[in-house]
1. With the cut-off at 24 Å, tell me which of the pairs LYS16/LYS93; LYS62/LYS107; LYS12/LYS62; LYS44/LYS70; LYS16/LYS55; LYS12/LYS44 have Cα atoms farther apart than that.
2. Rolling a 1.4 Å sphere over the protein heavy atoms, what is the accessible area per residue of the range 66-117, to the nearest Å²?
Amino acid sequence: MSIYLIPDGVVKDIEKMLNSFWWGGGRNNKGIRWLAWERMTMMKCEGGLGFRDFKAFNMAIKQGRNILAKPTSLVARIFKARYFPRSSFLDSKVGNNPSFVWRSLWKAKDVLKLGSR
């Protein structure tokens, strides 16, 4: 996930595996569907369970790497001015009233820290 974009089919297969784990089921047992997957991937403060949306998370890692690699790009300068004007992306805080895009980038920065040199 940290190098290439995952194809939609692989993301759906991963989500199916997670669904079968959390909701039970098997060949003879369908299990109980407590919540829709979209609801499970919502943040806890919004009424969801806080599971990661793999497609969005994969894109956030890519965009975070672009901010690190191209700090003079327009997107990097906008995020820096808004969310981390006096620090680096890796040392940034989530801040007050962050956008969904910034929250996704901010959550992905821990993965980027592990993979950066």
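The values are calculated or read from the model by the stated rules, or taken from the named source; none is laboratory data. Note that the structure is predicted; figures quoted are calculated from it, not measured. Remember, those area values only see protein heavy atoms, side chains included, never the ligands or the DNA or RNA. Shrake-Rupley method; radii C 1.70, N 1.55, O 1.52, S 1.80 Å.
1. On the way: LYS16/LYS93 33 Å; LYS62/LYS107 12 Å; LYS12/LYS62 19 Å; LYS44/LYS70 33 Å; LYS16/LYS55 14 Å; LYS12/LYS44 22 Å.
LYS16/LYS93; LYS44/LYS70, as the Cα separations exceed 24 Å there.
2. Values: 3730 Å² over 52 residues.
On a per-residue basis, 72 Å².
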